[in-house]
Amino acid sequence: MTSVRTRFAPSPTGYLHLGGLRTALFTYLYARKHGGKFILRIEDTDQEREVPGAVQLIYDSLRAAGLEYDEGPDVGGDYGPYIQTQRKDTYLPYAMQLVESGHAYPCFCTREELEERRAAAAARGETFKYDKHCLGIPRQEALRRMQSGEPYVIRQNIPAEGIASFDDLLFGHIEAECSTLDDNVLIKQDGLPTYNFANVIDDHLMGITHVTRGTEYLSSAPKYNLLYEAFGWTPPVYIHLPVVMKDATRKLSKRYGDPSFEDLLSMGYLRDAIINFIALLGWSPGNDREFFSKEELIEAFDEKGLNKSPAIFNMDKLTWFNAEYIRRLSPEEYLELATPWFDRALGGRGIDYCRLAELMQGRTEVFNRVPDMVRFLAEMPGYENELYVNKKQKSTLESSLDALKFMLPVLEEVKPWQETALHDTVMQAIAEAGRKNGPVLWPLRIAISGQASTPGGAIEIAYLLGREETLARIRAAIERLTAALQTA
Ligand code: GLU
């Protein structure tokens, strides 16, 4: 039995979008599941679409995603080179072999001539299909013109009638009437192959046993199979994966501002959460289980769980996954990941990040939300006095002013400014004064944070703020409430 070889074959046209990442992941999982090899091939024969730096970005993204490839341009392997432009000379001899056998032919039609015929077809209300004009040129004459330096392309000679078909692991037996298929260009004027040709040649030469790619290639796969037949090669097993949609009407796309994998990472989504979430786009383990590490995915992955219908990318669901993954981090891991985000709002303030991290971990859904959640520690935000009024805590403007005046001298006496000392002193004072916690701690929290919802309560915030800042904020709040009640 030959061992499984799968490939991820991106074109270097920009960031790794999430549909691409999903394809890469399933390709990787399939190989790992079957103890096979996962190969990276760069498909850069459409040089006009190539974006500088995109190849490096593919390497970086796959590594960042944890999808290590066994063979590829920057890791080597026995079937290289793995960049199609570096294989440039590989393709023409194969195309010529097809010309010899009549499965392909050179075409000398100029762009202008083709445009004219396309326009004429459009005027008749037909979609243009190459009319096999150059198929009529006698072989010897065609070869002579090729050798004389006249520009040409090589086209696939699709039979005028009959059926082209292939079998897909997910979509079953797919057929197309040959009469509906176009004589695609296999070799372009610049000598480079088109995707339509290169994918077949390279998948064969690289010993690829399973081709996994998006359903956008379902309709051209019958043509590729005709090429395999023409060469007498065994076609690979095909698995066409359903597209990833933003919603019922459109594909996920960077053009509409949908995030790429890199975007998600820089927003503070965790790699493992993204991978876990992406794995469930178009695949299900067959039960309710939602959480999988990469190793568990390899274990559980089964092509029977693939779904034919388009998968919807739900950002809220991803965020939910991310929050769960953040909750499962160890405190040390959380602290390390959160520190740069704390720095954005609090850098240089001397705040106890360790304690802040403990208070924030359970409240963090995505790291890029962290700076806004902790900024109040650096700077007292503006707020409405209405915040002091809270029925449940039995707090009014008057009771708040009274509580803050009561708290100020108590806090002035706390030494050292540590959380337990703060806690014990404040609680004892409240108890001794025969007061209730709510009407004291609620206004204290508002006075020193300016917000109703905070990581930790009044005591924790006071501790994080430090003595001077806490007392200054309370004094300011007393002034402000006194003024408000005088004018009322
Ligand atoms: N280069 C193609 C793309 O980026 C890959 C298709 C395939 O995997 O065959 O869409």
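In order along the stretch 296-309, phi translates into HN-Hα couplings of 5, 5, 4, 4, 7, 4, 8, 4, 5, x, 6, 10, 6, 7 Hz, rounded to whole numbers, per the Karplus curve 6.51 cos²θ - 1.76 cosθ + 1.60 with θ = phi - 60° and x for Gly and Pro.
Report the local net charge at Trp233: Lys and Arg +1, Asp and Glu -1, summed over other residues whose C-beta lies under 13 Å from its C-beta.
Working: positive: none; negative: Asp202, Asp203, Glu229.
Net local charge, Trp233 excluded: -3.
For the chain, the 222 nm mean residue ellipticity estimated from helices alone, with every DSSP H stretch of n ≥ 4 adding -39500 (n - 2.57) and the total spread over all residues, rounds to -14000 deg cm²/dmol. Computed about its Cα centre, the charge dipole of the chain is approximately 860 debye, with only Lys, Arg, Asp and Glu carrying charge at their Cβ. Here the label points at Glu384 and Glu48, each 7 Å from Cα along the C-beta direction, are separated by 5.7 nm in the simple model.
Taking Lys and Arg as +1 and Asp and Glu as -1, the other residues whose beta-carbon sits under 11 Å from that of Gly466 total 0.
If R0 is 41 Å, the Cβ-Cβ spacing of Tyr195 and Glu333 corresponds to a FRET efficiency of close to 0.45. Taking 0.36 nm per residue of separation and subtracting the current Cα-Cα distance, fully stretching the chain between Tyr256 and Asp288 would add 8.3 nm.
Computed from the Cβ-Cβ distance with R0 of 41 Å, the FRET efficiency linking Asn307 to Arg139 stands at 0.25.
Full-extension gain between Thr487 and Lys394, please, as 0.36 nm times their residue separation minus the C-alpha to C-alpha distance. Write down the numbers at each step before the final one.
Numbers: separation 93, 0.36 × 93 = 33.48 nm, distance 2.27 nm.
Working it through step by step, the gained length comes to 31.2 nm.
In this structure, Asp424 and Arg344 have a Cβ-Cβ separation that, at R0 = 45 Å, corresponds to a calculated FRET efficiency of about 0.85. For the chain, the ratio of Cα radius of gyration to the globular rule of thumb 2.2 N^0.38 Å stands at 1.41. Of interest is the spacing of the C-alpha centroids, which for the stretch 261-331 and the stretch 41-65 amounts to 24 Å.
For the chain, complete DSSP H runs whose alpha carbons reach 27 Å or more along their own long axis and whose mean Kyte-Doolittle score is -1.0 or higher are 467-487. Residue ranges 184-197, 290-303, 107-120 sort as 184-197, 290-303, 107-120 when ordered by packing (mean number of other C-beta atoms within 10 Å per residue, highest first). Spacing of the modelled spin labels on Thr249 and Asp352, each 7 Å from Cα toward Cβ, amounts to 5.3 nm.
Express in nm, to one decimal, how much length is gained between Ala121 and Ser266 on full extension, taking 0.36 nm for each residue of separation and deducting their alpha carbon distance.
Details: separation 145, 0.36 × 145 = 52.20 nm, distance 4.87 nm.
Between Ala121 and Ser266, full extension yields an extra 47.3 nm.
Between the listed residues Ala462, Trp442, Trp233, the Cα displaced farthest toward the positive end of the dipole of the chain, a dipole computed from Cβ unit charges relative to the Cα centre, is found at Trp442. Projecting the Cα positions of Tyr217, Ser11, Leu356 onto the charge dipole of the chain (unit charges on Cβ atoms of Lys, Arg, Asp and Glu, taken about the Cα centre) puts Leu356 furthest along the positive direction. Scattering from the C-alpha atoms of the stretch 72-126 alone, worked out with Debye: what is log10 I(q)/I(0) at q = 0.12, 0.25, 0.28 1/Å? Here the Debye-derived log intensity ratios amount to -0.57, -0.93, -0.99.
Averaged over residues, the count of other Cβ atoms within 10 Å places the peptides 56-65, 273-282, 19-28 in the sequence 19-28, 273-282, 56-65, highest first. Spin-label model, Glu100/Tyr217: points 7 Å from Cα along the beta carbon direction are separated by 2.7 nm.
Counting only DSSP beta bridges whose two residues both lie in the chain, roughly 55 percent are antiparallel. Entry for the stretch 210-253 at q = 0.25 Å⁻¹: log10 I(q)/I(0) = -0.88, Debye formula applied to identical alpha-carbon scatterers, no solvent contribution. Dividing the Cα radius of gyration of the stretch 224-332 by 2.2 N^0.38 Å, with N the residue count, gives 1.32.
Which entries of Lys188/Lys223; Lys246/Lys317; Lys246/Lys304; Lys37/Lys251; Lys405/Lys436; Lys33/Lys304 have Cα-Cα distances beyond 19 Å here?
Values: Lys188/Lys223 17 Å; Lys246/Lys317 13 Å; Lys246/Lys304 24 Å; Lys37/Lys251 30 Å; Lys405/Lys436 15 Å; Lys33/Lys304 13 Å.
Correct reply: Lys246/Lys304; Lys37/Lys251.
Listed from fewest to most Cβ neighbours within 10 Å, the set His173, His17 follows the order His173, His17. For the stretch 122-276, the equivalent ellipsoid built from the Cα gyration tensor has semi-axes of 36, 19, 18 Å, listed from largest to smallest.
Every read-out reported here was derived from the displayed coordinates using simple, explicitly stated rules and does not represent laboratory data. Since the model is a prediction, treat every value here as computed from it, not as a measurement. A quick note on method: Cβ atoms are made from the backbone with ideal geometry, for glycine too, and the neighbour counts reach across all protein chains shown.
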